[in-house]
Amino acid sequence: MKVAILAGGVGTRLAEETEVKPKPMVEIGGRPILWHIMMHYSYYGYKHFVIALGYKGEVIKKYMVDYCSLNSDLTVNLRTGEVKIMGGYKPDWTVELIDTGVPTATGGRIKRLKPYLDNGTFFLTWGDGVSDINLHDLLRFHKSHGKLATLTAVRPPARFGHLELDGEQVVEFSEKPQTKEGWINGAFFVLEPGVFDYIDGDDTQFEREPLERLAKDGQLMAYKHTSFWACMDTLRDKKRLEELWQSGHAPWKIWE
């Protein structure tokens, strides 16, 4: 199965970072959040990625092309130009980098990836969210119901600390936990090729008409994920993820 990742958005709420790079290249622990997402899929054995590029897509292309040399020792023969790569971590990934246009909406980006997804079931996620979701369980759930689309329903992180009170006494304090009420779309989709028929063109927002129509037709199911999930929308989100990473206990880091 291939993994489609949307990595073409501008990321206006992270303007301090995204003036010079696309949002998926904003770093957590010295690595782009895109890398964290790919490491997660790779841990479960899904190592063929199809990445939809848009805004500053050349930054992602350069990162992927230079990945091995930047993460290894090198011997460079300046006379011949030969470069020998020694050691380092070389992930067994195939990465297809597809330009899907800067102004293209999310649905349009997905539809432009159709020729590269082999007319089969595929994963899809955004390039700015991390989770500890078990992808094998997600796929089993998708195959069990036989519908066209599965999204991952999550409880978003609370914006403020949570207090559990007994009268005026605080009996429990949680600093920005997951909320206990309400579900939102956390992406981490599993989709069938029939989903492309629900996307009209470049201007289609996948989160609107396609998902609304899939739900109306009874073709959209929700896999409930109650553990860790976070989206990096703002600098505040980035700081929180960075703190988790530096603590040595980042919940989404399930790989060694």
Residues that are among the acidic types (Asp, Glu), surrounded by 15 or more Cβ atoms within 10 Å (Cβ to Cβ) and in contact with a Gly (Cβ under 7 Å, 6 or more places away or on another chain), drawn from the range 178-217: Asp202
Sole exception among (1) at pLDDT 95 or above; (2) of a type outside the set (S, T, N, Q); (3) crowded, with 18+ Cβ neighbours inside 10 Å for Gly8, by number: (1)
Tabulated pairs, the range 229-244, first in contact (Cβ under 8 Å) with a residue 12 or more places away in the chain, second assigned to a helix (DSSP H, G or I) and of a type in the set (D, E, K, R), C-beta under 6 angstrom, 6+ apart or interchain: Met232/Lys238; Asp233/Arg13; Thr234/Arg13
Qualifying positions in the range 50-67 - over 23 Å from Val10 (Cβ atoms) and surrounded by 15 or more Cβ atoms within 10 Å (Cβ to Cβ): Tyr67
Close pairs (9 angstrom Cβ cut-off, 6 or more residues apart or separate chains): within 29 Å of Pro251 (Cβ to Cβ) in the range 215-228, among the acidic types (Asp, Glu) and assigned to a loop (DSSP other than H, G, I, E, B) anywhere: His225/Asp132; Ser227/Asp132; Phe228/Asp132
Flag if Gly11 is at positive phi and out of contact with any helix residue (DSSP H, G or I) (no Cβ under 8 Å at 6 or more places or on another chain): no
The range 199-256: number of residues that are assigned to a helix (DSSP H, G or I) and of a type in the set (Asp, Glu): 5
Residue in the range 31-49 that is assigned to a helix (DSSP H, G or I), farther than 23 Å from Glu256 by Cβ, β-branched (Val, Ile, Thr) and in contact (Cβ under 8 Å) with a residue 40 or more places away in the chain present: no
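The values are calculated or read from the model by the stated rules, or taken from the named source; none is laboratory data. These numbers come from a predicted model, not from an experiment. As a convention, Cβ positions derive from the backbone with ideal geometry for all residues, glycine included, and neighbour counts pool all protein chains shown.
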